[in-house]
Amino acid sequence: MPPFEELRVFTGSAHPDLAKAICDYLGIPLGQSHVFKFANDNTFVQFQENIRQRDVFLVQPFSYPVNDNIMEFLIMIDAAKRASAGRITAVIPYYAYARTDKKDQPRVPITARLIADLLTTAGAERVLTVDLHAGQIQGFFNIPVDELTALPLLARYVGQKELLNPVVVAVDFGAAKRARGLAARIGAPLAIMEKRRVGNADQTETLNVIGEVESKIAVIVDDEIDTGGSLISTVTALEERGVTEMYVCCTHAVFSNKAAERLTATNLLREVIITDTLPVSDGKRHPKVTVLSVAPLLGEAIHRIHGGLSIGAMFE
Ligand code: R5P
């Protein structure tokens with residue numbers, strides 16, 4: 001017998017398609033709620049059904065407009081708490097501000113921690129998320145955090161291509177662990193780019209490639225594509241070093257500043273494989289972009305959290 005009463009899933013306005021797909025996986029209807037803004041830009045939320053003692057999962061990736069979506073989510077959590085939900089799980093497929101996770105310059109914030117505090121203060125009792133930029137962000141919370149990974153999903157897709165002579169390339173040291181995981185899954189060697197961020201202006205510079213890449217097919221791995229700058233400098237460096245073709249695997253497709261257009265313009269880059277942790281807007285739809293859904297992954301995790309079953313077993 002699950003420890004909480006009926007499972008209910010609700011969506012904020014960031015990514016209702018994903019929440020519906022999660023509900024389809026679970027075989028339940030999406031919960032009814034009204035989420036809207038008054039003329040004065042104040043957000044309002046009302047659950048349209050009884051959630052007293054229910055096991056409530058609220059779904060909201062922190063997509064554009066990021067600050068609005070975060071605020072709306074906090075208000076949803078508050079409404080659920082005041083409606084006497086039995087337990088509130090914040091399902092955050094993409095956790096924005098994750099790159100602001102340390103004080104690495106004087107007089108800067110640690111916004112990833114601030115958001116964690118806000119979520120907990122609002123009333124979140126658990127967090128379910130996917131591929132945090134840095135796993136240590138889990139420790140910013142004093143409530144349980146289940147971090148899923150889309151790596152097996154991406155690896156399965158790329159593995160089916162049976163690429164000849166592949167090498168998995170991490171765009172920077174931070175991506176190396178993830179890339180090693182994918183390399184192991186598809187039986188390929190690993191190479192790592194030495195990347196340097198230039199100031200705070202979304203600019204990167206690739207300095208070196210560590211590992212053998214010449215005459216190989218590169219499968220480039222990163223957790224997120226934002227402006228595409230890191231990838232473009234990776235792609236250019238790999239081109240110069242004689243890679244024959246390239247694929248990109250990435251969980252979170254933020255795609256600011258027409259990133260998709262800029263990326264797919266590169267001839268040797270055959271395909272950009274992303275997931276739907278963020279809404280798949282028109283700017284992301286391109287013949288070279290493949291979108292894999294994380295809905296079954298999140299749906300299965302929700303089923304397991306509700307039933308008190310192991311999440312780790314999903315990845316064994
Ligand atoms: C940074 O450390 C991340 O892993 C990504 O490489 C970064 O977020 C990508 O950003 P952009 O596409 O703007 O280079």
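The values are calculated or read from the model by the stated rules, or taken from the named source; none is laboratory data. In this text the structure is predicted, and so the values were computed from the model without any measurement. Because the Cβ atoms are built from the backbone with ideal geometry, glycine has one as well, and the counts that use them run over all protein chains shown. SASA here: full protein model, heavy atoms, side chains in, ligands and nucleic acids out. Shrake-Rupley method; radii C 1.70, N 1.55, O 1.52, S 1.80 Å.
Checked against the criteria, ARG52 counts as out of contact with any helix residue (DSSP H, G or I) (no Cβ under 7 Å at 6 or more places or on another chain), more than 17 Å from LEU119 (Cα to Cα), at pLDDT 95 or above and exposed (fewer than 13 other Cβ atoms within 10 Å of the Cβ).
When ASP282 is tested against the conditions (1) within 16 Å of the ligand (Cβ to nearest atom); (2) open to solvent by 50 Å² or more (accessible area, probe 1.4 Å), the lone failure is (1). Can you tell me which residue within the stretch 121-139, out of those that are in a helix (DSSP H, G or I), open to solvent by 10 Å² or more (accessible area, probe 1.4 Å) and touching an Asp or Glu at 6+ places or on another chain (Cβ under 8 Å), is nearest to PHE10 (Cα to Cα)? Restricting to residues being in a helix (DSSP H, G or I), open to solvent by 10 Å² or more (accessible area, probe 1.4 Å) and touching an Asp or Glu at 6+ places or on another chain (Cβ under 8 Å), the top hit is ALA122. The one condition from (1) more than 14 Å from the ligand (Cβ to nearest atom); (2) modelled with pLDDT of 95 or more that LEU207 does not meet is (2). Pairs linking a residue in the stretch 229-243 that is open to solvent by 30 Å² or more (accessible area, probe 1.4 Å) to a residue that is within 16 Å of the ligand (Cβ to nearest atom) and outside any helix (DSSP H, G or I), with Cβ atoms under 8 Å and 6 or more positions apart or on different chains, are ILE232/THR266; THR236/THR206; GLU239/THR266; ARG241/VAL209.
Just so you know, in the stretch 220-255 the residues that are more than 6 Å from the ligand (Cβ to nearest atom) and of a type in the set (S, T, N, Q) include one that is modelled with the lowest pLDDT, and it is SER233.
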